[in-house]
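Please read the structure below before turning to the comments.
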Amino acid sequence: MRGWDAQRVVAAAGARLVRGGGGGPGRVVIDSREAGPGDLFVGLTGENADGGRFAAGALEAGAWGVLVAPSWAAELAGGGAVLAADDPLAALGALAREWRRSLGAAVIAVTGSVGKTSTKDLVTALIAPHRAVAASRANFNTDIGMPLEILAAPEGTEVLVLEAAMRGFGQIAALAAICEPDVGVITNIGPVHLEQVGSLEGVARAKGELLEGMRDGTTAVVPAGEALLDPYLREELEVVRFGPGGDVRLDGDAVLAGTERLDLELPFTSRHQRVNALAAVAAARAVGVRPSGVVEVRFGELRGERVGLASGATVINDCYNASPLSVRAALDDLAAETPTGRRIAVLGDMLELGAAEQELHREVGAAADAAGVDVLVTVGPRAVAMLDAFDGESYAVADAAEAAALTGELLEAGDVVLVKGSRGVGLEVVAEALAAEVPHG
């Protein structure tokens, strides 16, 4: 919103100007503790607090202005602009949409059951050498986070890469209405948030809201062979499929886009990341970028980070989150390891799976067995069901602290240990305890 005056901000947000201010805001914040000169503070109403109560403090800190509910706006004294909106969150989204339009950037929105953050990072890495690109930070993928990331994009941005998350129906539709994507990427459809959406068909319906919210003539990037998305792929969309049998696919180590062989060097061998890379290639090409050369990408924390220990063992810290699909992918990567010691998997509860949770945990246990895991440590009351389908050495513990102590005792030189579970299980405790040793080098 750099260069926008109060009247333009008011019009974009659909708000009412209670009191004017000089110039315009430089950035938007929702935490009054971060508010300073040039900022617009938006007081959102949350479950535990109403942000409007902190508006006076933001103005005292020198904020350019505040956007709050009318009941708070009437009480604010002193300097600074005051904007009133019945629904400050909706006003934040509207403001972001108008900034997105004024940028004139191509917008790529990425969603999916797993891999959306890594795919977003890969899209950004492919585009960065060719165009001015801005991308959302990890977890800034909700009706609050996405608008903030759009508003943070600087003037001159040519491509804006955003992540869209959901925990129920209607949420991705709302995000699509804010960001108005030119390219919509769905990484996959898998059993996540089943407590909220009920079934895989429900997952596809929720993710398909991205495609339904896109303008005619825009590009949908979807997995080849994913029939659950077919109802949402209308003729007016340009559809690009990735993966085996798709428009963008692997031929050995090479990436093919149609009949074109791309000169692209991927810095990883894991199967799921290579598939994510295909989706990213399709998205980059959709905005006119022909990716080439070494892909320089750094994935977020707790996503497959490898740590070599002084003992000679290796920790794969992949405990950012877990679902049946992502755990299977991690186990496939573990199976591809050739350790001098054992393959150890520390797997925690997978949450929000609804009535199918016990069977889905059992299936992961079978996958661990098929992947050649030598030792399986389950963490939590749900994960223990994995042991029903696992024949190797196994242990069940109640929580992350117990898992950290046990795994430290089990680990030997040459072992490779995978640590993965839902965020609510907190398995970073295990990875951090093991990594506390002085690493090699």
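FYI, it's all coordinate maths here, none of it is from the lab. The model shown is predicted, which means the values in this text are computed figures rather than measured ones. Cβ: placed from backbone, ideal geometry, glycine included. Neighbour counts: every protein chain shown.
Work out, step by step, the length gained on full extension between Ala355 and Thr45: first 0.36 nm times the residue separation, then minus their alpha carbon distance; give nm to one decimal. Mind showing how you got there, number by number?
Details: separation 310, 0.36 × 310 = 111.60 nm, distance 3.28 nm.
The span from Ala355 to Thr45 would gain 108.3 nm if fully extended.
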Computed lengthening from Arg27 to Ser199, 0.36 nm per intervening residue step minus Cα-Cα distance: 57.9 nm
Would you mind pulling out the separation of the Cα centroids of the stretch 35-51 and the stretch 223-273, in Å? 42
For the chain, what does -39500 (n - 2.57) per DSSP helix run (n ≥ 4), summed and divided by total residues, give at 222 nm, in deg cm²/dmol to the nearest 500? -9500 deg cm²/dmol
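Counting Lys and Arg as +1 and Asp and Glu as -1, what is the net charge of the other residues whose Cβ lies under 9 Å from the Cβ of Ser270?
Working: positive: Arg271, Arg274; negative: Asp332, Asp333.
My count for the surroundings of Ser270 gives 0.
Take peptides 387-394, 279-286, 294-301 and line them up by average Cβ neighbours within 10 Å, highest first, as a rough protection proxy. Numbers along the way, then the final one.
Numbers: 387-394: 15.9, 279-286: 27.5, 294-301: 14.1.
Those peptides, ordered most packed to least, come out 279-286, 387-394, 294-301.
With all pairs of different alpha carbon atoms counted, what Kirkwood hydrodynamic radius in Å does the stretch 104-294 show? Walk me through the intermediate numbers first.
Values: mean 1/r = 0.0612 Å⁻¹.
One over the average 1/r among Cα pairs gives 16.3 Å for the stretch 104-294.
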For the stretch 334-348, just list the computed ³J(HN,Hα) in residue order, Karplus coefficients 6.51, -1.76 and 1.60, θ = phi - 60°, integers in Hz, with x standing in for Gly and Pro. 5, 4, 7, 5, 10, x, 7, x, 10, 9, 10, 10, 9, 10, x
Phi-derived 3J(HN,Hα) across the stretch 268-280 with the Karplus relation (6.51, -1.76, 1.60, θ = phi - 60°), rounded Hz, x for Gly and Pro, is 8, 10, 4, 4, 5, 6, 5, 5, 4, 5, 5, 4, 5
Under 5 Å from the placed amide H of Ser394, counting only residues 5+ away or on other chains, we find Leu376
To the nearest 10 degrees, the tilt of helix 200-212 (Cα long axis) against the first principal axis of the alpha carbons of the chain is 40
Zone of Asp86's modelled label, taken as backbone nitrogen in the stretch 1-30 under 19 Å from a point 7 Å along Cα→Cβ: 10-18
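Nearest-5 percent of antiparallel DSSP beta bridges in the chain?
Values: 16 of 68 bridges.
Percentage antiparallel, nearest 5: 25.
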Using only Cα atoms, locate the centre of the stretch 67-104 and the centre of the stretch 345-418, then give the distance between them in Å, rounded to an integer. 48
Would you kindly derive the ³J(HN,Hα) couplings of the stretch 76-93 from the backbone phi angles with the Karplus curve 6.51 cos²θ - 1.76 cosθ + 1.60 (θ = phi - 60°), listing them in order in whole Hz, with x for Gly and Pro? 7, 10, x, x, x, 6, 10, 10, 10, 9, 4, 10, x, 5, 4, 5, 4, x
Antiparallel DSSP beta bridges within the stretch 6-86, as percent of all bridges there, nearest 5: 35
Let me check I have the definition right: for the stretch 6-86, take the eigenvalues of the Cα gyration tensor, multiply each by 5, take square roots. What are those semi-axes in whole Å, largest first? 16, 14, 11
Can you list residues from other chains, or at least 5 along the same chain, whose modelled amide H is less than 5 Å from the amide H of Asp349? Val379, Ala383, Ser422
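So if I average 1/r over every pair of distinct C-alpha atoms in the chain and take the inverse, what Kirkwood radius in Å does that give? Provide the component values of the computation, followed by the final result.
On the way: mean 1/r = 0.0427 Å⁻¹.
For the chain, inverting the mean 1/r across all distinct Cα pairs yields 23.4 Å.
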With a ≥ b ≥ c the root eigenvalues of the C-alpha gyration tensor of the stretch 269-366, is it rounded (a/c under 1.5), prolate (a/b larger than b/c) or oblate? oblate
Taking Lys207 as the anchor, which lysines have their alpha carbon closer than 21 Å to its alpha carbon, excluding any fewer than eight residues away along the same chain? Lys116, Lys120
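Roughly what % of DSSP beta bridges within the stretch 104-294 run antiparallel, to the nearest 5?
Numbers: 7 of 30 bridges.
If we restrict to bridges inside the stretch 104-294, about 25 percent are antiparallel.
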